[in-house]
1. Report whether or not Arg52 is surrounded by 10 or more Cβ atoms within 10 Å (Cβ to Cβ) and farther than 25 Å from Ala93 by Cβ.
2. Any chance you could count how many residues in the stretch 70-107 are touching a residue at least 40 places away in the same chain (Cβ under 8 Å) and among the charged types (D, E, K, R)?
3. Criterion first (assigned to a loop (DSSP other than H, G, I, E, B), exposed (fewer than 13 other Cβ atoms within 10 Å of the Cβ) and more than 16 Å from the chain's Cα centre (by Cα)) does Lys97 satisfy it?
4. Mind listing whichever residues of the stretch 54-94 are modelled with pLDDT of 90 or more, outside any loop (DSSP other than H, G, I, E, B) and over 15 Å from the mean Cα position of the chain (by Cα)?
Amino acid sequence: MSQLHLKESPTLADLQQYVRAMAAERGFDKNTVEQRFQLLLEELGELAKAARKQGGMRFADDTSKRDVAEEAADVFIVFLGLCNLLGIDLEQAFRNKEEKNKQRVWK
């Protein structure tokens, strides 16, 4: 049984810490950056397929139906795990990058 608990209104840092604990609890903390990146690409493909189906595009009858929200969550979870492996504080990286973006002239 899982001992994980996510706060009611988590910050991005809380989510990143939760994914770190989740990976350790489930044994995924041994994955390499390369393995995690491959998993991210796989999950992005599943999100693309789910979005395609939701958008009304045709697909084979034997293809399983996927919930686009669940697939988006999978992408987010794997991405946070990749950031953890790379030592990235995603919230701070977002803040730093957005400050740079605010200085740009957008056409």
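The values are calculated or read from the model by the stated rules, or taken from the named source; none is laboratory data. It should be emphasised that the depicted structure is a prediction, and the values quoted were computed from it without experimental measurement. In this analysis, Cβ positions are derived from the backbone assuming ideal geometry, glycine residues included, and neighbour counts consider all displayed protein chains.
1. Values: surrounded by 10 or more Cβ atoms within 10 Å (Cβ to Cβ): yes; farther than 25 Å from Ala93 by Cβ: yes.
Yes: the conditions hold for Arg52.
2. Residues in the stretch 70-107 being touching a residue at least 40 places away in the same chain (Cβ under 8 Å) and among the charged types (D, E, K, R): 2 in total.
3. Values: assigned to a loop (DSSP other than H, G, I, E, B): no; exposed (fewer than 13 other Cβ atoms within 10 Å of the Cβ): yes; more than 16 Å from the chain's Cα centre (by Cα): yes.
Judged against the criteria, Lys97 is not a match.
4. The answer is Gln92, Ala93.
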